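These notes concern the structure reproduced below.
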Amino acid sequence: MKKVLLPCFVFLLTAAAFAQTKKINPLDAKVIAAAKQMDNALVKKDYATFMKTVYPQVISSTEGGAERMAKELQAQLEGMEKSGNSITAAWPGNPSKMIDTAGEMQCTLPQFMKMKLPNGVLTTETTLICLSPDKGNTWYFIDATDKPIEQWRSVFPNISGRLEIPKPKEPKFEPTEEIKKEMSKRK
């Protein structure tokens with residue numbers, strides 16, 4: 001019995017030691033934590049916190065600055081809710097490879113969002129450009145899904161041309177049970 005248990009015990013110790021060595025890169029952990037803070041602020045409609053995560057150059061290039069952007073975001077979300085739509089969850093994926101551009105860290109990050117609609121749930125995936133002017137301590141974000149990297153670089157030349165923005169993915173729609181039943185009746 002001892003001969004069987006000893007190899008099992010050694011295998012478990014080896015597996016546990018190997019699992020502990022696979023740690024997340026500290027920069028990756030910081031950008032993910034900052035993105036989670038931004039996502040939570042969006043879901044909770046904490047516009048002041050959300051605006052602190054927006055890339056400062058985006059804010060300074062917007063007429064009316066952070067205050068106006070926050071009001072526009074609030075109006076958009078309120079308009080969605082009047083239509084019966086609401087953001088119920090948002091979360092980040094894993095960042096791309098970090099790029100150091102003269103002291104500013106940059107990467108891209110997938111952002112997932114779940115929206116409740118009157119007839120189901122929509123899950124989307126967008127891409128964020130993530131920028132840190134202080135070597136990864138503070139992160140700011142730009143929703144990059146609507147433009148290729150070249151267009152972003154024409155507005156913000158400090159954005160690295162080595163960043164890649166993946167093609168937008170199709171949203172996934174899950175109809176409500178009521179809609180599913182109605183659809184199955186039609187077949």
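The values are calculated or read from the model by the stated rules, or taken from the named source; none is laboratory data. Source: prediction; values computed, not measured. No Cβ is skipped: glycine too gets one built from the backbone with ideal geometry, and neighbour counts run over all protein chains shown.
Within region 126-138, does at least one residue satisfy the condition of being in a strand (DSSP E or B), under 25 Å from GLU81 (Cα atoms) and of a type in the set (Ser, Thr, Tyr)? Taking every residue of region 126-138 in turn, at least one turns out to be in a strand (DSSP E or B), under 25 Å from GLU81 (Cα atoms) and of a type in the set (Ser, Thr, Tyr). Counting only residues that are surrounded by fewer than 18 Cβ atoms within 10 Å (Cβ to Cβ), touching a residue at least 12 places away in the same chain (Cβ under 8 Å) and not in a helix (DSSP H, G or I), region 53-82 holds 1 of them.
Within the group ILE99, ILE165, which residue is within 26 Å of LEU27 (Cα to Cα), surrounded by 15 or more Cβ atoms within 10 Å (Cβ to Cβ) and modelled with pLDDT under 95?
Criteria check complete, one pass: ILE165.
Of the listed requirements (1) surrounded by fewer than 18 Cβ atoms within 10 Å (Cβ to Cβ); (2) out of contact with any Pro (no Cβ under 6 Å at 6 or more places or on another chain); (3) not β-branched (Val, Ile, Thr), LEU42 misses just one: (1).
Of all the residues in region 43-68, those that are closer than 18 Å to TRP139 by Cβ, of a type outside the set (D, E, K, R) and out of contact with any strand residue (DSSP E or B) (no Cβ under 7 Å at 6 or more places or on another chain) number 8. Is one or more of the residues making up region 105-124 touching a helix residue (DSSP H, G or I) at 6+ places or on another chain (Cβ under 7 Å), under 20 Å from LEU27 (Cβ atoms), at pLDDT below 95 and not hydrophobic (A, V, I, L, M, F, W, C)? No: zero hits. Among the residues making up region 103-148, those that are surrounded by fewer than 18 Cβ atoms within 10 Å (Cβ to Cβ), among the hydrophobic types (A, V, I, L, M, F, W, C) and over 13 Å from PRO92 (Cα atoms) are LEU117, VAL121, LEU122.
Residues in region 87-122 that are assigned to a strand (DSSP E or B), under 30 Å from GLU177 (Cα atoms) and more than 17 Å from the chain's Cα centre (by Cα): LYS116, LEU117, GLY120, VAL121.
Residues in region 145-158: is at least one in a strand (DSSP E or B) and at negative phi?
no
Please go through (1) surrounded by 15 or more Cβ atoms within 10 Å (Cβ to Cβ); (2) touching a residue at least 60 places away in the same chain (Cβ under 8 Å); (3) hydrophobic (A, V, I, L, M, F, W, C) for ILE159 and return the number of the only condition it doesn't satisfy. All conditions are met except number (2).
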